[in-house]
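The block underneath contains the structure these notes are about, expressed in structure tokens.
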Amino acid sequence: MAENELADPRTSDSNTISRRDVIKSVIAAGAVSSTSYLFRVSKVWGQASAPGAVDRLITLNVNGQDRRVDVMKQETLVMTLRYKLGLTGTKIGCDQAECGACTVLIDDVPYYSCSVFTHTVRDKKIQTIEGLAKPDGTLHPVQQGVIDQQGFQCAFCMSGFVMATVGYLKTNPNPTRTELAHGISGNLCRCQDYDKILTAMMRGAEHLRKA
Ligand code: FES
Ligand code: FES
């Protein structure tokens, strides 16, 4: 697979490495990232990195800004966004491509960021929930739909639903309720507030058409 091709971590050769190992290594790397980058002596998964095997210090375009960040070869995008770039609006629910809480847009297409290796999106535009509102604070129409309808209970799943809806509306700006429900069906709500969520997302679609 080409280095920049989006890959599903669940189907890659890294299957022999547990998610717990990934998380531990991301956290550990935060403490040693600077020196390990300079001297290429970091230990990942208990093995020494091959010298020059991958660039760890990379540039990501996130919410319209270029951000320099030190990432490991098998670090997932959600880890980078939350724990390296401080963009905690993107949530981790299942961390295994099942719930959609981690949904972000990559070149305007919704992806589960828990299942995208950060290195594969270096040349792409990433948008998170933090990048939806205008600089003057005006909410995105879909965010305004949530405000209008009070469409969530605990709201843990909200940013994922909003990003999935924003992405879906780029392909179908005037969906029926059934079409939108199908379009964002990859997102789950543990409070099971689906009817209100869908009403809020439909209101957001209506706002977007008038914007
Ligand atoms: S956290 Fe990514 S799909 Fe659940
Ligand atoms: S509103 Fe609680 S998880 Fe969706």
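Readers should treat all values here as calculations from the given coordinates under stated rules, not as data from a laboratory. What you see is a predicted model; the values in this text were computed from it and never measured. All Cβ positions, even for glycine, are placed from backbone atoms using ideal geometry, and neighbour counts span all protein chains on display.
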Review point. Quick one: what do you get for region 141-210 if you divide its Cα Rg by 2.2 N^0.38 Å?
Key: 0.95
Revision key, fill the gap. Note to self: C-alpha centroids of region 131-162 and region 177-211 sit apart, in Å, by 11
Check your understanding: Past the 20 Å Cα-Cα mark, which pairs from 125/210; 125/170; 170/196; 134/170; 84/170?
Key -> 125/210; 170/196; 84/170
**Study point:** R0 of 30 Å, Cβ-Cβ distance residue 58-residue 138: FRET efficiency to nearest 0.05
**Key:** 0.40
**Study point:** 5 angstrom amide H check on residue 104, placed H, neighbours 5+ away
**Key:** 111, 113
**Study point:** Charge-dipole axis of region 94-211 as Lys and Arg at +1 and Asp and Glu at -1 on Cβ define it, positive-most pick from 191, 211, 120
**Key:** 211
Exercise for review: Find out how many positive minus negative residues lie around residue 61, taking Lys and Arg as positive, Asp and Glu as negative, among other residues whose Cβ is under 12 Å from that of residue 61.
Suggested key: +2
Check your understanding: When Lys and Arg each count +1 and Asp and Glu each count -1, what net charge do the other residues less than 13 Å away from residue 141, Cβ to Cβ, add up to?
Key -> +3
